[in-house]
Amino acid sequence: MKRAVEEACETADSRQLTVSGDGSWQKRGFASLNGVAAVLSSCLTPKVLDIERMSKKCSVCDGARSIKQINKEQYEKIINNHNCQINFKGSAGAMEVDGIYRLFSRSVVR
């Protein structure tokens with residue numbers, strides 16, 4: 001992504017880029033559990049400058065819940081020692097807006 005930013009700046013002959021943002025869901029409608037947002041440079045050869053993946057579900061957490069009643073100790077071990085994929089809470093419709101906000105929030109001025 002860093003190289004894409006540098007290439008976009010080279011193409012624009014400026015560090016001030018015009019960009020476009022867009023988001024999408026895993027499935028149509030407002031019930032999706034996964035989404036993605038992206039920021040692209042707006043030049044003749046657009047570059048993907050950054051992406052943000054959002055998820056309201058974690059397959060490891062779901063799997064661990066299936067053993068919670070049988071083996072509480074194993075459940076706790078799994079839950080406390082995994083990289084949870086849940087990084088979004090809210091409606092599926094808000095994923096795109098939140099993803100774009102996250103992308104612009106981590107922009108760096110140079």
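The values are calculated or read from the model by the stated rules, or taken from the named source; none is laboratory data. No experiment lies behind these values; they were computed from the predicted model shown. Here the Cβ is made from the backbone with ideal geometry for all residues, glycine too, and neighbour counts use every protein chain on show. Heavy atoms of the whole protein, side chains included, go into the accessibility calculation; ligands, DNA and RNA do not. Shrake-Rupley method; radii C 1.70, N 1.55, O 1.52, S 1.80 Å.
Would you check which residues across the stretch 70-84 are open to solvent by 70 Å² or more (accessible area, probe 1.4 Å), in a loop (DSSP other than H, G, I, E, B) and under 24 Å from residue 33 (Cβ atoms) and list them?
Correct list: 81, 83.
Which residues, counting only those in the stretch 42-55, are buried (at least 17 other Cβ atoms within 10 Å of the Cβ) and modelled with pLDDT under 90?
Selection gives 47 alone.
Working only within the stretch 95-110, note down all residues that are open to solvent by less than 40 Å² (accessible area, probe 1.4 Å) and small (Gly, Ala, Ser).
Correct list: 99 only.
What pairs come up if the first residue lies in the stretch 1-23 and is open to solvent by less than 50 Å² (accessible area, probe 1.4 Å), the second is basic (Lys, Arg), and their beta carbons are under 6 Å apart, counting only those six or more places apart or on different chains?
4/47; 8/47; 9/15
Could you check the stretch 67-96 and list, in sequence order, the residues that are among the charged types (D, E, K, R) and closer than 19 Å to residue 57 by Cβ?
68, 89, 96
Just checking, which of 44, 103 is under 17 Å from residue 1 (Cα atoms) and in contact (Cβ under 8 Å) with a residue 12 or more places away in the chain?
Selected residue: 103, the only one of 44, 103 that is under 17 Å from residue 1 (Cα atoms) and in contact (Cβ under 8 Å) with a residue 12 or more places away in the chain.
If the requirement is being open to solvent by 50 Å² or more (accessible area, probe 1.4 Å) and closer than 30 Å to residue 9 by Cβ, which of these qualifies: 36, 60?
36
Condition (residue is farther than 30 Å from residue 5 by Cβ, polar (S, T, N, Q), in contact (Cβ under 8 Å) with a residue 40 or more places away in the chain and not in a strand (DSSP E or B)) applied to the stretch 88-95: is it met by at least one residue?
yes
What number of residues within the stretch 24-33 are touching a strand residue (DSSP E or B) at 6+ places or on another chain (Cβ under 6 Å) and open to solvent by 70 Å² or more (accessible area, probe 1.4 Å)?
2
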